[in-house]
Amino acid sequence: MTIAMPSRRMILLGGLGATGALVVGYALWPSDRLEKADALAAKPNERFIANWIKIASDDTVTVVVPHCDMGTGIYTALSQMAAEELDADWSKVRVEAAPPDPLFANGALAEGFILEGQGLSPDSVPAFLRGTVDNAFRTAAAYVSVQTTGGSSAVRFTGVYGMRVAGAAAREMLIKAAAARWNVDPSSCVTKANRVVHAASGRSLGYGSLVADAAVYTPSSNPPLKPRSGYTLVGRNIPRVDIPKKVDGTTNYGLDVVQPGMMYAAIRISPVFGGKLKSVDTSAVERARGIKQVVRLDDAVVVVADRYWRARDAAAALDPVWDTAGNGAVTSAQIAQRHAAALAGNDLKKDIVRGEGADGLLGRRIVEATYAVPYLSHAPMEPMNATAVWRDGTLEVWSGTQDGLGARAFCAKTAGISLDKVTYHLMPMGGGFGRRLPGFFNFLEQAVKTAMAMPGTPVKLIYTRDQDMQHDYYRPNVTSRFKGALDGKGNVVAWVNDYTTDDGANTEAHIVYGIADQAIRTVKVATHVPVGPWRSVEASWHGFFIESFVDEMAHAAGRDPLEFRRALLVNAPRHLNVLDTAAEKSGWGSPMAAGRARGIALFECFQTIVAHVAEITVRPGGALKVDRIVSAVDAGMAVNPDGLTAQIEGGIVFGLTAALNGEITIDKGAVVQANFPDYEMVRLADCPQIEVHLIESDAPLGGGGEPGVPPVAPALANAIFAATGVRIRELPIRNHSLTLAAR
């Protein structure tokens, strides 16, 4: 699995993690850091007691979350995990975002990513090294400015490696403080609902009255954690803390920022990626009403005005001349030809060879197919925007990104100043899906440079919807070629998969199915189109490829797709259970009316296994209706079942949009699509009935935001084949005819 973080930062983290392991003797959160945290983020009546937890004198517990809010519900889930270990009274728990400061860099996130990449878990670290490892990753995360939200990482990494430990450490410190006051053994004390209780004497003290004494103790890096059987908050459907403000409209997004004297900026960016601004005549625009300044950037021109619409209209009236960097004639068809040529060439790199590898195909019945997915835009409802002011060599910025600290560091680098001269206000986001991760901050760079051209004036840069869609970092287009071999009994015995990539081999191409002979190879295809993480990243295309080809193999073998998969999962009991649950809940195998059919698909990513069964209707004229999607999910356990269910539901709708309609095409080196009329979303009327069935298991906690996406497209395509005999090998589905004549 490739994580949704910039590779350079991960390389640095990995290296620093390794070198940091030589440092010894550091605890979870050295007490001197508590004083710094108090100075930075505590109110007068509050004190930090561990890295993510502060307690007020009135017993209020505030969980400081080192992630952003983009609608995933993690502020609630992470607070549940911390409050559970702290034995907090939920009615007194509050949540707030961590400041974008190195003091609150997310070492737990870095630790989770790095250990997972090494195939390790929290239990892999010996207790005596726990503090050393925590400190090493905290130092590394601060060094490379990590507060990232992405990769379905919040619960499974920050929650497991950070929030649970912080809550338990704080509880331990509060017990020590109470025991010292009563002069009793700490082991004779228990905690319940924000109080420490001495059972023998019946005395009790509230957390608020103990926090000052407790903060004197050094937080343990390896406190005892509750067993799952002792949970009272985790596993409950606690209402999300972010919803009320979103419902009543009081949540302020980046687009809502207003500053005294603020001006508005609209931008024209080179339509061809990599192009540069050669010249532009701005004389007429500069005389227009309300226009304050025209700023020339390397690859764009920005118009600043007293009203946004004046800036937008003036920017649209410009006629810039661009240098297209030699990419002005590139088309999607040419890129597809490059993919085909690469797969037919000699540059394929081996990833996996098992058994006889590709030789396993020899002398056997071969099934083969080639699939492709297009570029996709993130298309969040809130377009990219940032407000910045440059004043006396300092910078202040307001914007919603998926990494507050990383964004602050990026702004400092862009302005050529030190981090302490940048104040960054992390705003809630109206959608992210990977678009606002570090490494993909073109809108921040342009806002900072525009503000620096107008010292003392706050400037809000807003992309139009068209600019947003045409200057994204796109989900890559990928082509994947398969060959499989069947034995005389219809069992698949060999699997060969070659696919194009922009970034090397993807572990998502590795299959869970028990096939003896396997060869998986990759070939890089470079284009000028910028690409980046998109919800579920590599799983979004390999899920479609693999689960479609398994279905083709089942059909070639003359076997039911469910039973065909079951036979290949005898050594994968969790996957088999998820598959069986989805099949059972959907009524797999029961008769359906003419034109209706079911398709099934199974995929694991971000440590969560998901199976979808799609039920569809295809009318004789070819009209497709997705009637129902039944989902089974094993994420280990659900910290907040309602929240996990909502994430899977959202992933299904997101995946449906991509499967049915999603396509970014290139013509003359630029993106053709410009807005929702030609990049259509699934609408309420198109949304199927969705059922999500959560499965509890002893597996490590999995992610929730992304795993619902990958099985959608193959389940849908497999259902279409079952209903019509038309096999969808290239997305989106709307490009294919499903009429009777096409069958």
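Residues to consider are ALA451, ALA412; find the one that is in contact with a strand residue (DSSP E or B) (Cβ under 9 Å, 6 or more places away or on another chain), small (Gly, Ala, Ser) and without any contact (Cβ under 8 Å) to a residue 60 or more places away in the chain. Don't jump to the end; show me each part of the working.
Numbers: ALA451 fails: without any contact (Cβ under 8 Å) to a residue 60 or more places away in the chain.
After ruling out the rest, the residue left standing is ALA412.
Considering region 243-291, the residues that are under 30 Å from TYR474 (Cα atoms) and of a type in the set (D, E, K, R) include one that is surrounded by the fewest Cβ atoms within 10 Å (Cβ to Cβ), namely LYS278.
Sub-7 Å Cβ pairs linking a first residue in region 203-220 that is touching a residue at least 40 places away in the same chain (Cβ under 8 Å) and within 19 Å of ALA168 (Cβ to Cβ) to a second residue that is basic (Lys, Arg) and assigned to a loop (DSSP other than H, G, I, E, B), at least 6 apart or interchain, number zero. Can you list the strands (runs of 3 or more DSSP E) lying wholly within region 251-300 that have 3 or more residues being touching a Ser or Thr at 6+ places or on another chain (Cβ under 6 Å)? Result: empty, no element qualifies. None of GLY456, GLY434 is at pLDDT 95 or above and open to solvent by 20 Å² or more (accessible area, probe 1.4 Å) except GLY456. Hey, could you check region 598-607 for residues that are closer than 20 Å to LEU716 by Cβ and open to solvent by less than 50 Å² (accessible area, probe 1.4 Å) and say which is farthest from the chain's Cα centre (by Cα)? Here the answer is ARG598. Tell me, please, whether a residue that is among the basic types (Lys, Arg), under 30 Å from ASP323 (Cβ atoms) and open to solvent by 10 Å² or more (accessible area, probe 1.4 Å) can be found in region 613-635. No, the conditions are met nowhere in region 613-635. Against the conditions (1) touching a residue at least 24 places away in the same chain (Cβ under 8 Å); (2) within 30 Å of PHE482 (Cα to Cα); (3) open to solvent by less than 70 Å² (accessible area, probe 1.4 Å), ARG338 satisfies every one except (3).
Condition test on ALA388, is it part of a strand (DSSP E or B), in contact (Cβ under 8 Å) with a residue 40 or more places away in the chain and more than 30 Å from VAL493 (Cβ to Cβ)? Steps first, please.
Working: part of a strand (DSSP E or B): yes; in contact (Cβ under 8 Å) with a residue 40 or more places away in the chain: yes; more than 30 Å from VAL493 (Cβ to Cβ): yes.
So ALA388 passes the test.
Taking VAL294, is it in contact with a helix residue (DSSP H, G or I) (Cβ under 9 Å, 6 or more places away or on another chain), at pLDDT 95 or above and crowded, with 17+ Cβ neighbours inside 10 Å? Taking the combined requirement at face value, the residue satisfies it.
Of the residues in region 309-324, at least one is under 30 Å from ALA372 (Cβ atoms), out of contact with any His (no Cβ under 9 Å at 6 or more places or on another chain) and outside any strand (DSSP E or B).
For (1) closer than 30 Å to LEU115 by Cβ; (2) out of contact with any strand residue (DSSP E or B) (no Cβ under 7 Å at 6 or more places or on another chain); (3) open to solvent by less than 10 Å² (accessible area, probe 1.4 Å), each residue gets a yes or a no:
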position	(1), (2), (3)
VAL160	yes, yes, no
ALA177	no, yes, yes
VAL184	no, no, no
VAL190	no, no, no
SER204	no, no, no
TYR207	no, no, yes
ASP213	no, yes, no
VAL234	yes, yes, no
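Could you tell me whether GLY636 is among the small types (Gly, Ala, Ser), part of a loop (DSSP other than H, G, I, E, B), in contact with a Pro (Cβ under 7 Å, 6 or more places away or on another chain) and at negative phi? Here the answer is no, as GLY636 does not meet what is asked.
Filtering region 682-700 to residues that are aliphatic (A, V, I, L, M) and in contact (Cβ under 8 Å) with a residue 40 or more places away in the chain leaves ILE690, VAL692, LEU694, ILE695, ALA699. For region 554-613, enumerate the residues that are closer than 24 Å to GLY725 by Cα and polar (S, T, N, Q). Passing the criteria: SER586, SER590. A search for C-beta distances below 6 Å between a residue of region 704-721 that is within 9 Å of ALA601 (Cβ to Cβ) and any residue that is open to solvent by less than 10 Å² (accessible area, probe 1.4 Å) and assigned to a loop (DSSP other than H, G, I, E, B), counting only pairs 6+ apart in sequence or on different chains, returns PRO710/SER536; ALA717/ILE728. Specify which of the listed residues (ALA485, ALA509) is closer than 26 Å to GLN607 by Cβ, touching a helix residue (DSSP H, G or I) at 6+ places or on another chain (Cβ under 8 Å) and modelled with pLDDT of 95 or more. Going through ALA485, ALA509 in turn, just one is closer than 26 Å to GLN607 by Cβ, touching a helix residue (DSSP H, G or I) at 6+ places or on another chain (Cβ under 8 Å) and modelled with pLDDT of 95 or more: ALA509. Residue-level check: of (1) surrounded by 14 or more Cβ atoms within 10 Å (Cβ to Cβ); (2) under 36 Å from the mean Cα position of the chain (by Cα); (3) not in a strand (DSSP E or B), VAL304 misses just (3). More than 29 Å from VAL531 (Cα to Cα) and among the basic types (Lys, Arg): does that describe ARG312? In short, no.
Screening the candidates LEU569, LEU644 for the property of being of a type in the set (A, V, I, L, M), over 26 Å from PRO732 (Cβ atoms) and touching a His at 6+ places or on another chain (Cβ under 7 Å) yields one hit, LEU569. Selection of region 301-357 for residues being closer than 26 Å to LYS524 by Cβ and basic (Lys, Arg) yields ARG338, LYS349, LYS350, ARG354. Applying a threshold of 8 Å to beta carbon distances and a minimum spacing of six or more residues, or different chains, the list of pairs starting in region 653-681 at a residue that is free of Cβ contacts under 8 Å to residues at least 24 places away in the same chain and ending at one that is β-branched (Val, Ile, Thr) and open to solvent by 50 Å² or more (accessible area, probe 1.4 Å) reads ASP678/VAL672.
The values are calculated or read from the model by the stated rules, or taken from the named source; none is laboratory data. From a predicted model like this one, the values you see are computed outputs, not experimental measurements. FYI the Cβ positions are ideal-geometry reconstructions off the backbone, even for glycines, and counts take in every protein chain you see. To get the accessible areas, we keep the full protein, side chains included, count just its heavy atoms, and leave off ligands, DNA and RNA. Shrake-Rupley method; radii C 1.70, N 1.55, O 1.52, S 1.80 Å.
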